[in-house]
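The values are calculated or read from the model by the stated rules, or taken from the named source; none is laboratory data. All values derive from a computational prediction rather than experimental measurement. With ideal geometry, Cβ positions are generated from the backbone for all residues, glycine too; neighbour counts draw on all protein chains shown. With ligands, DNA and RNA removed, areas are computed over all heavy atoms of the protein, side chains included. Shrake-Rupley method; radii C 1.70, N 1.55, O 1.52, S 1.80 Å.
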Amino acid sequence: MEEEAPSERGRFRDRADAGRVLAERLAHYAGRDDVLVLGLPRGGVPVAAEMAQALGALLDVILVRKLGLPGQEELAMGAIASGGARVLNEELVAALGLPEALIDQVAAREEEELRRREVLYRGDRPPPDVTGKTVILVDDGLATGSSMRAAVAALRRREPARIVVAVPAAPVSSCEQLRPEVEELVCVRTPQPFYAVGIWYENFNQTTDDEVRELLERAAARAGFSERRSDG
């Protein structure tokens with residue numbers, strides 16, 4: 001029997017719409033000063049921005065880069081995150097007999113890109129202090145989940161009180177693999193067959209670096225305004 005493509009029903013209008021849906025699922029975190037929302041650039045940041053605004057939480061980013069197989073970059077050998085965390089797709093690495101030197105070479109290149117984006121997105125602002133806080137990690141969807149697992153591993157080293165992962169759409173298998181690694185996991189839609197993340201959006205235009213930076217600057221301005229009001 002031929003598989004049908006997803007219908008219009010069940011799709012998110014865009015990343016902002018997905019963020020609002022996630023915020024409804026996580027409404028129990030609204031108005032708390034110990035909650036921080038971290039988006040995975042680039043596509044996860046518009047989702048996270050909408051969530052953070054709805055929950056009244058601070059917004060920032062956690063930098064993650066996929067380790068693409070040379071020549072087939074969409075095939076993820078694993079992922080790295082700021083702080084040196086690395087997660088590998090062990091099954092793929094073993095099946096293809098990928099040498100460690102190749103993985104290290106790709107990782108070194110992606111680490112340079114991580115540092116570039118850190119400066120581009122955050123400027124001279126330091127990374128947020130997550131110690132003892134509830135951190136909600138957000139992306140626009142999961143495929144293999146390797147990028148999110150790298151983000152979780154990097155974040156765990158910084159000793160948050162609780163890690164929550166929130167994504168609009170993901171395969172059941174990726175959700176189940178990630179679930180034991182976090183305190184709470186919200187996957188709004190887990191369609192089978194999954195196809196790809198972008199097919200579950202009506203508008204899945206690429207998010208640019210400028211858009212990420214603008215969303216972070218707006219969030220920082222809102223946070224500064226709130227602090228001034230509370231001090232006054």
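Tabulated results
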{"quantity": "Set E91, E159, E74: member being of a type in the set (D, E) and either in contact with a strand residue (DSSP E or B) (Cβ under 9 Å, 6 or more places away or on another chain) or within 20 Å of T207 (Cβ to Cβ) (or both)", "calculated": "E74"}
{"quantity": "Residue check, L96 open to solvent by less than 10 Å² (accessible area, probe 1.4 Å), hydrophobic (A, V, I, L, M, F, W, C) and modelled with pLDDT under 95", "calculated": "no"}
{"quantity": "Residue match in region 12-24 (condition: open to solvent by 20 Å² or more (accessible area, probe 1.4 Å), of a type in the set (A, V, I, L, M, F, W, C) and modelled with pLDDT of 95 or more)", "calculated": "yes"}
{"quantity": "Residues within region 25-50 that are open to solvent by 30 Å² or more (accessible area, probe 1.4 Å), among the aliphatic types (A, V, I, L, M) and in a loop (DSSP other than H, G, I, E, B), tallied", "calculated": "1"}
{"quantity": "Residue within region 186-206 that is of a type in the set (G, A, S) and surrounded by fewer than 18 Cβ atoms within 10 Å (Cβ to Cβ) present", "calculated": "yes"}
{"quantity": "Residue check, E118 open to solvent by 20 Å² or more (accessible area, probe 1.4 Å) and within 17 Å of the chain's Cα centre (by Cα)", "calculated": "yes"}
{"quantity": "Pairs, first without any contact (Cβ under 8 Å) to a residue 24 or more places away in the chain and closer than 19 Å to V135 by Cβ in region 177-194, second of a type in the set (V, I, T) and not in a helix (DSSP H, G or I), C-beta under 6 Å, six or more apart", "calculated": "E183/I163; E184/V164; L185/V165"}
{"quantity": "Criterion violated by A150 - all others in (1) more than 23 Å from P127 (Cβ to Cβ); (2) crowded, with 21+ Cβ neighbours inside 10 Å satisfied", "calculated": "(1)"}
{"quantity": "Residue pairs meeting the criteria (Cβ under 8 Å; at least 6 apart or on separate chains; first over 18 Å from G56 (Cβ atoms), in region 129-141; second polar (S, T, N, Q) and open to solvent by 10 Å² or more (accessible area, probe 1.4 Å))", "calculated": "D139/S147"}
{"quantity": "Residues of region 174-220 classified as in contact with a strand residue (DSSP E or B) (Cβ under 6 Å, 6 or more places away or on another chain), farther than 17 Å from G39 by Cα, of a type outside the set (D, E, K, R) and outside any helix (DSSP H, G or I), total", "calculated": "1"}
{"quantity": "Every pair of residues 6+ apart whose Cβ atoms lie under 7 Å, when the first sits in region 56-68 and is under 16 Å from G84 (Cβ atoms) and open to solvent by less than 20 Å² (accessible area, probe 1.4 Å) while the second is among the basic types (K, R) and not in a strand (DSSP E or B)", "calculated": "L63/R117"}
{"quantity": "Residue check for T190: more than 21 Å from L26 (Cα to Cα), of a type in the set (S, T, Y) and at pLDDT 90 or above", "calculated": "no"}
